[in-house]
Amino acid sequence: MEGLATYTLIQWILVVGSSILLFAVSPLARSSDSFYRGARQSRSPGAVALTSSLVISWLFAKSITNAANLGLEYGLPGGLAYAAYYLSFAVAGVVIYFLRTRGGFRSIHHFLGSKFGRGAVALFSLLIALRLFNEVWSNTMVIGTYFGDAGTAPYYWAILVFTTLTLAYSLKGGMSSSILTDVIQMALFGVLLAVVLGAILPRMDYHVGPLLSLDGAHAGAGTSGAVNLLLVAVLQSISYPFHDPVLTDRGFLSSPGTTLRAYLWAVPIGVASIVLFSFVGVYGRLAGVTGQAPVEVARLLGGPILLVMNFIMITSAASTLDSTFSSFAKLAVVDLVPEDRIAPSVSAGRWAMAGITLLGTVPVFLNPAILSATTVSGAMVVGLAPVFCLWWLPVPRAGFFASVVAGLGFGALYALGLWPEGWRLGSAAYGDLLGVTVVSLVVCTLLFVSPLLFTNRRPA
């Protein structure tokens with residue numbers, strides 16, 4: 001009992017101590033350029049800072065938990081499948097580069113408003129607001145599981161304290177705070193991951209068979225489910241990044257060349273991070289554990305590794321939360337207000353952060369599924385793929401709404417469990433998700449370009 005109390009105390013020290021440190025190093029943003037664009041002393045973020053921020057802001061607590069769980073379920077193919085989502089960096093980087101250099105657009109909202117009108121901006125903003133809302137609860141729930149079982153008092157207290165402390169340093173510096181702390185958190189994540197792998201890899205069986213076969217406690221799971229998820233991730237990577245303002249906002253902070261290099265470097269670093277962390281689940285698969293892979297494997301390895309795993313989750317969740325708060329502030333105060341109407345207010349951005357914190361914490365008490373925050377939202381925004389990947393085509397506004405609304409419709413059918421069984425691609429896991437992704441991508445692309453057939457305008 002005494003040992004458990006000591007362990008819990010150390011956990012709280014990690015949460016509170018790391019948050020106080022980040023608050024101390026965070027710059028106080030006094031200008032809108034600093035609060036919304038991350039500028040420090042009139043200088044934009046460099047390539048290293050931007051790359052670090054991109055990677056760590058996508059190493060969500062829920063993402064690395066999903067990677068480990070997929071490693072537990074499918075072995076190494078599960079981790080590789082989830083890592084394929086990180087191709088999104090390259091897709092977004094290339095598209096944003098051309099939006100800026102050839103289109104002359106200053107933001108995603110500037111592009112949508114200029115080409116498709118205020119209605120398109122409103123619909124798109126609703127989608128990304130939902131995304132940011134999901135990021136709050138889905139990451140903080142992971143933190144709660146390291147302090148107690150879901151629904152218990154320690155679980156809820158951990159979530160509330162962690163969220164409040166992260167909000168505190170986010171309010172101080174906005175985007176400038178987010179970029180600076182992301183660099184620290186990325187370096188810390190790398191060190192902590194190395195410690196965990198140092199404990200796991202010497203204990204593993206290095207024969208290829210056990211890593212990829214169906215031997216052990218998870219016999220019968222099959223690798224075809226991982227193959228389906230891999231295909232889903234590759235296909236969704238051409239739409240998924242564009243409904244994540246945490247990712248796209250960083251595409252307009254530095255020069256186009258610096259930004260593109262950062263996005264391209266983020267791909268191999270992000271993929272490697274996810275695959276390496278999936279070894280936590282692979283080890284759990286070989287050891288026959290069940291449940292949440294990071295928690296159960298850490299418990300299997302003992303208290304010190306459990307503390308390290310806890311700190312990894314704190315680091316990754318905090319980096320995503322502060323980025324979420326900054327992006328929501330920009331959405332509410334900058335993106336939805338015409339540039340010539342009012343100067344963006346820093347205080348209004350801070351109020352917006354407080355608002356999304358309150359709203360985003362409510363689902364914690366409803367016990368939603370963590371993985372659904374990624375897979376369901378990804379299925380519902382496939383209609384964004386042609387909008388951004390074919391941005392140069394002179395498609396009228398009807399094409400935008402037809403594509404996006406159709407994608408939402410297909411995604412809703414999947415989320416509600418109404419996707420026709422006959423439209424699954426195979427009988428393995430994720431066959432329905434693959435089916436809805438393929439159908440939605442084809443139909444939405446056709447709907448997007450079809451208005452060109454009824455106009456006299458031609459592609460350049």
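Computed from the coordinates by the stated procedures, all read-outs in this text should not be read as laboratory data. Note that the structure is predicted; figures quoted are calculated from it, not measured. Reconstructed Cβ throughout: ideal geometry from the backbone, glycine too, with neighbour counts over all protein chains shown.
Structure summary
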item: Pair Ser450, Glu421: separation of 7 Å Cα→Cβ label points (nm); result: 3.0 nm
item: Among 105-113, 22-30, 286-294, the order from most to least packed when residues are scored by Cβ within 10 Å on average; result: 105-113, 286-294, 22-30
item: FRET efficiency, 1/(1 + (r/R0)^6) with R0 25 Å, evaluated for Val191 and Val25 via beta carbons; result: 0.90
item: D_trans [Stokes-Einstein, Kirkwood Rh over alpha-carbon pairs] for region 382-460, 37 °C, 0.692 mPa s, µm² s⁻¹; result: 248 µm²/s
item: Cross-link partners of Lys115 among lysines (Cα-Cα below 24 Å; sequence separation of 8 or more within a chain); result: Lys330
item: Diffusion constant of region 1-157 at 25 °C, which comes from Stokes-Einstein with the Kirkwood Cα-pair radius and 0.890 mPa s, µm²/s; result: 125 µm²/s
item: log₁₀ of I(q)/I(0) at q = 0.07, 0.09, 0.11 Å⁻¹ - the chain, Debye sum with one point per alpha carbon; result: -0.34, -0.57, -0.86
item: Relative contact order of the chain, pairs being alpha-carbon contacts under 8 Å that are 6 or more residues apart, as %; result: 28 percent
